[in-house]
1. Please go through (1) surrounded by fewer than 16 Cβ atoms within 10 Å (Cβ to Cβ); (2) in contact with a Phe, Trp or Tyr (Cβ under 6 Å, 6 or more places away or on another chain) for residue 75 and return the number of the only condition it doesn't satisfy.
2. Taking residue 116, is it polar (S, T, N, Q), in contact with a helix residue (DSSP H, G or I) (Cβ under 9 Å, 6 or more places away or on another chain) and without any contact (Cβ under 8 Å) to a residue 12 or more places away in the chain?
3. Do we find that residue 66 is in the same structural domain as residue 3 (by TED's automatic domain parsing), of a type in the set (A, V, I, L, M) and over 22 Å from residue 18 (Cβ atoms) in this structure?
4. Under the condition of being among the aliphatic types (A, V, I, L, M) and out of contact with any helix residue (DSSP H, G or I) (no Cβ under 9 Å at 6 or more places or on another chain), which residue from the stretch 128-139 is farthest from residue 104 (Cα to Cα)?
5. Answer with yes or no whether residue 174 is within 30 Å of residue 325 (Cα to Cα) and surrounded by fewer than 19 Cβ atoms within 10 Å (Cβ to Cβ).
6. Pairs, please: C-beta under 8 Å, at least 6 apart or cross-chain, first residue farther than 19 Å from residue 305 by Cα and in the stretch 328-348, second of a type in the set (Lys, Arg) and surrounded by fewer than 22 Cβ atoms within 10 Å (Cβ to Cβ)?
7. From the residues in the stretch 221-263 that are of a type in the set (Gly, Ala, Ser) and modelled with pLDDT under 85, which one is nearest to residue 170 (Cα to Cα)?
8. Tell me the residue from 130, 179 that is more than 30 Å from residue 69 (Cα to Cα) and loosely packed, with under 14 Cβ neighbours inside 10 Å, please.
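The values are calculated or read from the model by the stated rules, or taken from the named source; none is laboratory data. Just so it is clear, the model here is predicted, and its values are computed rather than measured. Here Cβ is always computed from backbone atoms with ideal geometry, including for glycine, and neighbour counts include all displayed protein chains.
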Amino acid sequence: MNVIRSLRLKLSVENPEALIQTFSAYNRAFDVCANWGFQNKKSNKILNHQATYELIRTEIPELPSALLQGARDCACEALKAKKCKVLPVRKQFSAMRYNQRVVTVNLIKGIATISSVLGRIKAQFKLPVVYEKYLSWKLKSSTLQFKKQTNEFYLIVQVESDEIPDLNEIVLLGIDRGVNNIAVCSDGHFFGSSQVKNVRCKYRRLRAKLQSKGTKSAKRLLKKLSGKERRFQTDVNHCISKSIVNKPVTVIVLEDLTGIRPNKKEGTSKGKQNFWLSNWSFFQLEQFIEYKAESLGKIMLKIDPAYTSQECSACGEVNKNSRNGLKYKCKSCGFELNSDLNAARNIANRGMTVVSRVLSTTPTHQHPLGASPLL
């Protein structure tokens with residue numbers, strides 16, 4: 001089980017103009033690849049490479065080939081996201097993607113060398129104390145950012161570790177995320193959404209009112225409103241994740257909600273539910289839980305969400321008719337429970353199977369005497 005973290009390092013660059021010119025060359029390469037893909041309605045990286053590589057090497061010979069490939073990959077990914085229906089446009093100082101061949105980072109000495117159109121550029125940084133625990137982790141890809149307002153460069157470095165914390169006792173906590181409740185823990189702790197919905201509805205009404213006006217001042221207020229709503233969402237997710245990871249557990253189990261947004265329910269009666277599904281950051285909450293748990297030496301796992309809401313956490317019977325809104329009553333054994341809490345307990349039970357499999361394939365790990373879900 002690999003764990004990946006991103007470290008944000010503020011750079012002191014000896015030749016900033018070289019990196020500024022590199023941003024410009026990178027953007028030109030991106031434009032060539034994006035234009036070819038848009039005109040030919042193709043987002044395939046291999047086809048794009050075959051059609052554009054020689055042209056870019058001729059027009060921008062100073063751009064390192066690894067950066068050219070990074071620009072091509074970014075352009076193809078942007079084309080794929082828009083299904084080649086919209087020409088991707090790159091901002092002047094959007095982040096540049098680097099791989100291990102064109103950037104070296106020494107976290108211990110605080111030194112980085114970065115490829116540019118004028119050769120290798122040296123940079124220094126001070127490693128924050130909170131990042132010292134990642135010194136032994138393996139360095140992976142990086143991205144370079146430039147803040148024009150403050151004239152500052154930042155290197156975002158990804159580090160990876162495949163080590164599993166040595167846990168003397170395994171205690172699992174299942175988390176069910178949803179619309180009626182942002183999160184429900186298998187120990188019976190509910191994080192309700194009523195206050196959140198009230199705030200989101202307020203922002204929704206304000207947006208509709210401002211959008212109907214369409215004036216310049218209304219657009220400025222819309223932009224400001226968007227920032228406030230985003231900060232509110234982030235704060236709520238931070239508070240919930242902090243409360244979850246501080247529970248007396250060692251393993252936190254969540255459902256893999258990849259692709260939840262495309263699976264919207266049809267019908268006018270499902271409109272409100274689709275709105276909440278599309279306007280709450282379940283992935284952000286997952287990210288917060290993951291890195292907070294890792295900092296405390298705990299593990300976060302994801303399991304297949306299939307039938308977690310239809311299965312009885314007492315007898316294991318699966319019947320879609322057992323769930324009726326917020327109530328769950330098993331048609332087989334008669335067990336009754338809140339439907340979200342029942343799903344959270346199913347998630348915890350499935351997590352035990354995943355934990356056993358992960359630990360059994362880790363030779364350096366000493367198995368605990370027992371494992372139990374927190375129900």
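1. Going through (1) surrounded by fewer than 16 Cβ atoms within 10 Å (Cβ to Cβ); (2) in contact with a Phe, Trp or Tyr (Cβ under 6 Å, 6 or more places away or on another chain) one by one, residue 75 breaks only (1).
2. No, not satisfied.
3. Answer is no for this residue.
4. Here the residue is 129.
5. In short, no.
6. 335/329; 336/327; 336/329
7. In this case the residue turns out to be 259.
8. Of 130, 179, the one residue that is more than 30 Å from residue 69 (Cα to Cα) and loosely packed, with under 14 Cβ neighbours inside 10 Å is 130.
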